[in-house]
Amino acid sequence: MKAPIGIFDSGYGGLSVLEKIRETLPQYDYLYLGDNARSPYGSRSFELVYAFTLESVRALFDMGCHLVVLACNTASAKALRSIQQRDLPHMGAHKRVLGVIRPTVEALGSISESGHVGIFGTEGTILSGSYELEISKFFPELIVSAEACPMWVPLVENNEINNIGADYFVQQHVHNIMNKDPLIDTIILACTHYPLLIHNILKFTAPQVRLMSQGSYVAESLKNYLQRHPEIAYNCSEQGSCTYLTTGSASKFSAMASLFLRQEIEAEHIDTLNYL
């Protein structure tokens with residue numbers, strides 16, 4: 001039976017990826033699940049992130065999805081490989097789970113001119129070393145510097161991005177990463193919340209530094225994936241709809257989603273605890 005494409009994130013950040021996916025592939029139906037009750041994932045252990053992510057993936061599969069995109073860097077870094085290798089073989093021959101790290105890295109080689117790149121991410125994503133590992137596979141010649149930005153997600157989720165405090169924390173991390181390597185000309189925003197801070201970041205970066213916001217790269221990669229795998233595309237329903245689910249407060253999620261999507265949405269609460 002045809003079903004929506006599942007989009008999972010630990011909270012709200014994946015909405016920035018969903019927006020670009022819907023712009024690129026508007027014909028499909030989407031089912032977005034945010035695990036807001038247990039977010040943020042950034043500082044949690046590998047074991048917990050894996051368990052929570054698997055739980056939510058199973059929930060989306062049980063709701064009919066055949067394809068799930070982890071629109072979360074921490075989940076992609078700490079859980080994707082384990083789910084693909086350990087769990088998917090037991091979930092059905094036509095089930096697929098994709099992440100956001102590889103599509104971002106694949107686009108990197110055509111962007112950096114200096115060969116020096118930076119990564120802004122949550123503590124969990126940076127400590128995992130997942131970006132460095134993927135970059136070394138595709139572009140071993142690139143020199144990579146990483147910077148964990150633990151305050152950036154709370155700034156976004158508390159709607160503080162236009163206050164002076166946001167600029168303080170953004171400037172601090174921009175200076176840190178550029179001090180590590182002044183030749184950096186490309187910085188990956190390796191957290192789906194960070195696109196909302198682009199204007200803040202640009203205040204403190206040199207004109208030649210390019211910021212990579214993941215949404216467009218993930219959307220194009222998904223488009224290519226569905227073209228290369230028509231058997232997966234066939235199982236994706238096409239009514240152009242989108243449903244929003246959250247493990248947290250539906251009213252709070254609906255209000256926060258307007259910050260990311262700039263439109264009114266109505267979310268529903270779901271309890272995923274039965275899917276572990």
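As a summary of the residue check, D271 satisfies the conditions (1) buried (at least 16 other Cβ atoms within 10 Å of the Cβ); (2) closer than 25 Å to R58 by Cβ; (3) modelled with pLDDT under 95 except for the one numbered (1).
Tell me yes or no: at least one residue of the stretch 134-151 is farther than 22 Å from K78 by Cα, at pLDDT 95 or above, open to solvent by less than 40 Å² (accessible area, probe 1.4 Å) and over 19 Å from the mean Cα position of the chain (by Cα). So far as the stretch 134-151 goes, yes, one or more of its residues are farther than 22 Å from K78 by Cα, at pLDDT 95 or above, open to solvent by less than 40 Å² (accessible area, probe 1.4 Å) and over 19 Å from the mean Cα position of the chain (by Cα). Scanning the stretch 153-211 for residues that are over 20 Å from L261 (Cα atoms), of a type in the set (S, T, N, Q) and at pLDDT 95 or above gives Q171, Q172, N176, N179, T186, T205. All conditions in (1) at pLDDT 95 or above; (2) over 29 Å from L142 (Cβ atoms); (3) not acidic (D, E) hold for F260, with the sole exception of (1).
The values are calculated or read from the model by the stated rules, or taken from the named source; none is laboratory data. Computed from a predicted structure; not experimentally measured. Virtual Cβ from ideal backbone geometry, glycine too; neighbours counted across all protein chains shown. With ligands, DNA and RNA removed, areas are computed over all heavy atoms of the protein, side chains included. Shrake-Rupley method; radii C 1.70, N 1.55, O 1.52, S 1.80 Å.
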